[in-house]
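Peer 1: I have a structure I would like to understand better, so I am pasting it below and will then ask my questions one at a time.
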Amino acid sequence: MVTASRLSLVTELVVALGVAGGYFALCGLGLSLDLTAGVSSVWPASGLLTGLLLVAPRDRWRAIACGALLGGVASNLAFGFSAVVSVGYTLINLFESCAAALLVRRFTPDARHLRHPTDVLSLTALIGVAVAFGALLAALLAWVALHAHFWTALRTWIAADMSGVLTIGPVVLALVRRTDSGIPWTFRRVVECALMLVVLTAASSWIFFSPHTAIQTPLTQPFPLLPLAIWAAVRFGVPGTIWSLLIVNSLSLWGTSLGLGPYATGDPLQAHLTLQLFNCAVSLVFLVLSTSVESTQRSVRLHRELVLQVQSAADAERLRLAHELHDDVAQKLAALKMQLELDRLIPNRDRSTDTFVDAVDRLIADVRALSRSMRPAPFEEGQLIPALATLAHTEGRRAGLRVLVDARVEAVRLSRDVELACYRVVREAVNNIIKHAGARHLAVSALTQAGVFAVRVVDDGRGFDVVPAARNAVLDGHLGLMGMQERLDQVGGTLTIRSRRGGGTMVECRVPVMTTI
């Protein structure tokens, strides 16, 4: 026990010192490039701290916070700030990053993986809320302690922190991000990636280290970088975009600080604010583009896998049918044929015709059972409601659930495809409740309203976060929820899932009614 406690303490100390060193270096970089209105217009340290808090487990936050506090205060003191301002600025930075990490973990925990365009937008929005509040506190501190202009300090702080988060934060996330693009890194692909990075570095150096003149040529504007960024996003997804943005943003910041490039002006603050706006806009646009590309690639791959699964299931069913016909029906027919031939050659008066009739009846029963097993759902057309009631009662009671079925609806006319889609969705929902919900009660209801037939499945189980769970299920290859949606899409229906943790789940499918009988 003592050894484990000491090991944990040593680990926290190493983490704190490592964070302190990195945070001190990035704070020093920002302070050395520009310092106006009491704050720096360049602040990559915010991206490092926010990224670490987003990816680190909660039991490491104390060590990270201590390291950031030590590195930030030391860096501010080294650049001539008073102790009060140094501690105040560092605490505000720490508050921003902690608030941003808590907001993301609370509202969009899966956004940290950057798998979908909404991840980028929600991550940016939530971090922006925390940065705006922190900037307000920092501007007040700069106004009171340093007599700086409040609005200048406010806008400078916001621009610096958001640019730092969008530049350095994704790099930290990329280091621990699970890649699922499904594209192998062959030698040719590695060479292409290296070529892209070299061309991007050369183009960025040409643009942002060109001497500033009153009239800029098209080649010294940042527009030639856009095709290269698209190349990175389309061919290499989110990781390629993140590292490309790091190169572009770093070189643009370096060149502008030297008074070079298209954004250099006589006013360093204005130059850096314009540059930060450019960096934020480019980072946001191309992170959204790259996540869209990856999302599309995943969808195509999963649809292909789904088609293969359907084909495999069909092949397996045909193989089962062939075995049933060969091993059961065919052998019984062969035996019956042999008996008939023997009876013709050697008449047996003890064996009556009834014997053969019974054998034929058994064969007919076997064929009918085989035919029923081949049907996509165990009910006849127009018998959806009784089939749903039977499904709910049979499966629910088998799992020990209290089942309630409320299906007092008028007779409706649905096509066979629509009935099958509704039945399969309800069956999938019931199976999910039995496997994952931990529920005690199950309710299935059906109703018709305004030309729409709706079936609702409700449980009182543990519930789940719908959007992240559906996304992770698709990413992990579990296609149940996607299959439910696709079945209803094929018949013009809609699927609605409402759930919350600890509050149960409601699954509703709605399909158009053909005519009312």
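Peer 1: Read phi for every residue in segment 40-55 and hand back ³J(HN,Hα) as whole Hz from Karplus 6.51 cos²θ - 1.76 cosθ + 1.60, θ = phi - 60°, with x for Gly and Pro.
Peer 2: Going residue by residue, I get 8, 8, 10, 9, x, 4, 4, x, 5, 5, 5, x, 5, 5, 6, 9 Hz, with x marking Gly and Pro.
Peer 1: Given 0.36 nm per residue, what is the gain on full extension from ASP465 to GLN221 after removing their alpha carbon distance, in nm? Don't skip to the end; give the middle numbers.
Peer 2: Working: separation 244, 0.36 × 244 = 87.84 nm, distance 4.51 nm.
Result for the pair: 83.3 nm of gain on full extension.
Peer 1: Now for a different question. LEU404's amide H: which non-local residues (gap 5+, or another chain) put their own amide H closer than 5 Å, with H modeled 1.01 Å from N in plane and none for Pro or chain starts?
Peer 2: So LEU404 has HN proximity to LEU442, ALA443, VAL444.
Peer 1: Points 7 angstrom from Cα along the Cβ direction at ALA74 and THR394: gap in nanometres?
Peer 2: 7.0 nm
Peer 1: Further question: Return the whole-Å distance between the Cα centroid of segment 79-109 and the Cα centroid of segment 128-154.
Peer 2: Comparing the Cα centres of segment 79-109 and segment 128-154, I get a distance of 13 Å.
Peer 1: Per residue of segment 393-407, what does 6.51 cos²θ - 1.76 cosθ + 1.60 with θ = phi - 60° give for ³J(HN,Hα)? Whole Hz please, x for Gly and Pro, Karplus curve as stated.
Peer 2: 5, 5, 6, x, 5, 4, 8, x, 9, 7, 10, 10, 10, 10, 10
Peer 1: If I model a spin label as a point 7 Å beyond the Cα along the Cα-Cβ vector, how far apart are those points for HIS441 and GLN331 in nm?
Peer 2: Simple spin-label model gives 5.1 nm for this pair.
Peer 1: Additional query: Quick query: amide H of LEU414 versus all other amide H atoms, modeled in the peptide plane; which residues come in under 5 Å with a sequence gap of 5 or more or a different chain?
Peer 2: The answer is none.
Peer 1: Shifting gears a bit: In whole Hz and in residue order, list the ³J(HN,Hα) couplings for segment 492-507 that follow from phi through the Karplus curve 6.51 cos²θ - 1.76 cosθ + 1.60, θ = phi - 60°; x for Gly and Pro.
Peer 2: Working through the residues one at a time gives x, x, 10, 10, 10, 10, 10, 7, 8, 4, x, x, x, 9, 10, 10 Hz.
Peer 1: Would you mind counting up the charge near GLY47? Only other residues with Cβ under 12 Å from its Cβ, with Lys and Arg at +1 and Asp and Glu at -1. Can you show the working numbers first?
Peer 2: Values: positive: none; negative: GLU96, ASP161.
That works out to -2.
Peer 1: Separate question: Between THR265 and residues 5 or more places away or on another chain, which pairs have amide H atoms under 5 Å apart, with H built 1.01 Å from N, and which residues are they?
Peer 2: Amide H to amide H, under 5 Å and 5 or more residues apart or across chains, THR265 pairs with ALA271.
Peer 1: Determine how large the accessible area of LEU121 is when every protein chain is in place; take a 1.4 Å probe and give Å² rounded to the nearest 10.
Peer 2: 90 Å²
Peer 1: Note down the magnitude of the dipole of segment 6-104 about its Cα centre, charges +1 on Lys and Arg C-beta and -1 on Asp and Glu C-beta and zero elsewhere, to the nearest 20 debye. It would help to have the intermediate numbers written out before the result.
Peer 2: On the way: 4 positive and 4 negative charges, 54 e Å.
Dipole magnitude for segment 6-104 comes out near 260 debye.
The values are calculated or read from the model by the stated rules, or taken from the named source; none is laboratory data. The model shown is predicted, which means the values in this text are computed figures rather than measured ones. When we count neighbours, we look across all protein chains shown, and the Cβ atoms used for this are built from the backbone with ideal geometry, even at glycine. These area figures cover heavy atoms from the full protein model, side chains too; ligands, DNA and RNA do not enter into them. Shrake-Rupley method; radii C 1.70, N 1.55, O 1.52, S 1.80 Å.
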